[in-house]
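Visitor: If you scroll down you'll find the structure; I have some questions about it.
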Amino acid sequence: MKVIFMGTPDFSVGTLEALLEAGHEVVLAVTQPDKPKGRGKEMQFPPVKETALRHGIEVYQPRRIREKECIEKLAAYQADIMVVIAFGQILPKEILEMTPYGCVNVHASLLPKYRGAAPIQWAVINGEKESGVTTMQMDEGLDTGDMLLKTTIVLDEKETGGSLHDKLSDAGAKLCVETLKRLEEGSIQPEKQGESPTEYARMLNKAMGAIDWNQDAVSIERLIRGLNPWPSAYTTWDNKTMKIWDADVTEDVPGTEDAGPGEITAVSKKDFTIKTGEKSLVIRELQIPGKKRMDAGAFLRGYPLEAGMSLGEN
């Protein structure tokens, strides 16, 4: 097929490469504008742009895809289909209906669950046992179009937002290729979506990572995994930010029933235990300002903690 590909972050790259490997002709890669990054604020290409240029594909970076000139530019390529995956802008009706096969979206959830911007992380945070990818015929709603194909991924016990991201990116690439194949064959029966059983998977922000030790240990542990690697879960220690990268739920340390949420109830050579609103968390891996991620034992060798100390603002 003659494809216009629309995507921006790392998650989209695997699908672009899979389409090329499958023999599709990607005539244009549409992605978000370059952005300044790092302390030097140097302009950085989006991952899709880097990949497209490496393959000799023309790149287009409109600030507002809804502008008339943008619509006219896309129409000039006379593509068979548009493939959209984490592009970052809402498409107008003129683009959705521009090509014979319309716009196919690769969405990182088992629709109608987790419509929205951050389905991967919310699946982990909410304790889902499985997630997956859905290909969808886009309409003017937010992730509400007819479903085409699905693939399911079972979450590991210690699944993180980062590990699930990579699994779903790979699964989405394969599913997209299969979807285009079956669309050409005419062997897909689109399925209407019902009402979503989950809340809208709203965009992540750094403030979400602030750990509330009054919550139960299971919820906090899921938050830690879901926000790994970004924006990360964190607490305060000695007026500094301490990022928590890995922790395990455990029963309360005997004799600490009166401890308050956020209070350290036990310290060993390799880890330490914190009381929560229900049960406790054993901290396995963390990070403090100016240091790399480290296991809790390495931290304790340089920064002794004692039972009775508290973390966070309680």
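The numbers here are math on the coordinates, done by the rules we state, and not lab data. This one's a predicted model, so the numbers in the text were calculated from it and none came from an experiment. Here Cβ is always computed from backbone atoms with ideal geometry, including for glycine, and neighbour counts include all displayed protein chains.
Visitor: If each DSSP helix of 4+ residues adds -39,500 (n - 2.57) and the sum is divided by the residues in the chain, what number results at 222 nm, nearest 500 deg cm²/dmol?
Guide: It lands at -7500 deg cm²/dmol.
Visitor: Further question: Going by C-beta contacts inside 10 Å, put C176, C103, C70 in order with the fewest on the left.
Guide: Details: C176 27, C103 22, C70 19.
Taking fewest neighbouring Cβ atoms as first place, the list is C70, C103, C176.
Visitor: Here is a further query. On a 0 to 90° scale, report how tilted helix 217-226 is relative to the longest principal axis of the chain, with both axes built from alpha carbons and the result rounded to the nearest 10.
Guide: 40 degrees
Visitor: Now a separate question. Any chance you could run the full-extension gain for T151 through E17? It's 0.36 nm times the residue separation minus the Cα-Cα distance, nm to one decimal.
Guide: Details: separation 134, 0.36 × 134 = 48.24 nm, distance 1.90 nm.
Contour length minus Cα-Cα distance gives 46.3 nm.
Visitor: Starting from the Cα-Cα distance between Y200 and H55, subtract it from 0.36 nm times their residue separation and give me the gain in nm to one decimal. Mind dumping the intermediate values first?
Guide: Details: separation 145, 0.36 × 145 = 52.20 nm, distance 3.56 nm.
Gain in length upon complete extension: 48.6 nm.
Visitor: Structure shown: which of K49/K150; K174/K243; K35/K181; K240/K270; K158/K270; K167/K243 lie over 29 Å apart, alpha-carbon to alpha-carbon? Provide the component values of the computation, followed by the final result.
Guide: Working: K49/K150 27 Å; K174/K243 35 Å; K35/K181 35 Å; K240/K270 21 Å; K158/K270 19 Å; K167/K243 24 Å.
Where the Cα-Cα span goes over 29 Å, the pairs concerned are K174/K243; K35/K181.
Visitor: Counting only residues 5 or more places away or on other chains, whose amide H sits under 5 Å from the amide H of F272 once H atoms are built in the peptide plane?
Guide: Distant-sequence amide H within range of F272: I283.
Visitor: If one takes the longest principal axis of the Cα atoms in the chain, at what angle in degrees, from 0 to 90 and to the nearest 10, does the Cα axis of helix 10-21 lie?
Guide: The angle comes out at about 40 degrees.
Visitor: Moving to a separate point now. Quote the Stokes-Einstein diffusion coefficient, in whole µm² s⁻¹, for the range 206-302, based on the Kirkwood radius over alpha carbon pairs, a temperature of 10 °C and a viscosity of 1.306 mPa s.
Guide: Details: Rh = 13.3 Å.
Result for D is 120 µm²/s.
Visitor: So, one more: Could you please report the charge total around A298, scoring K, R as +1 and D, E as -1 over all other residues with beta-carbon less than 15 angstrom from its beta-carbon?
Guide: Details: positive: K243, K269, K270, R284, K291, K292, R293, R301; negative: D246, D271, E285, D295.
So the surrounding residues net to +4.
Visitor: While we're on this one: Using a cut-off of under 19 Å, list every residue of the range 136-150 whose amide N is near the label point 7 Å from the Cα of Q189 along the Cα-to-beta-carbon line.
Guide: Those under the cut-off are 136-137, 146-150.
Visitor: Could I ask something else about it? Taking neighbour counts of Cβ atoms within 10 Å as a proxy for exposure, in what order, fewest first, do K158, K275 appear? Write out the running numbers ahead of the final one.
Guide: Numbers: K158 11, K275 24.
The fewest-first ordering by Cβ neighbours comes to K158, K275.
Visitor: Put +1 on the Cβ of each Lys and Arg and -1 on the Cβ of each Asp and Glu in the chain; which of L281, I90, G186 then has its Cα farthest toward the positive end of the dipole?
Guide: Going by the Cα projections, it comes out as I90.
Visitor: Arrange W213, W237 by Cβ neighbour counts within 10 Å, fewest through most, would you? Intermediate values should be presented prior to the final figure.
Guide: Working: W213 21, W237 18.
With the sparsest Cβ surroundings first, the list reads W237, W213.
Visitor: Using amide H atoms built 1.01 Å from N in the peptide plane, name the residues 5+ places from S310, or on other chains, whose amide H lies under 5 Å from its own.
Guide: Sorted by chain and number, the residues that satisfy this are I264.
Visitor: Taking 45 Å as R0, compute the FRET efficiency from the Cβ-Cβ separation of D166 and D258 and round it to 0.05.
Guide: Numbers: r = 43 Å, r/R0 = 0.96.
Efficiency, from the Cβ-Cβ distance: 0.55.
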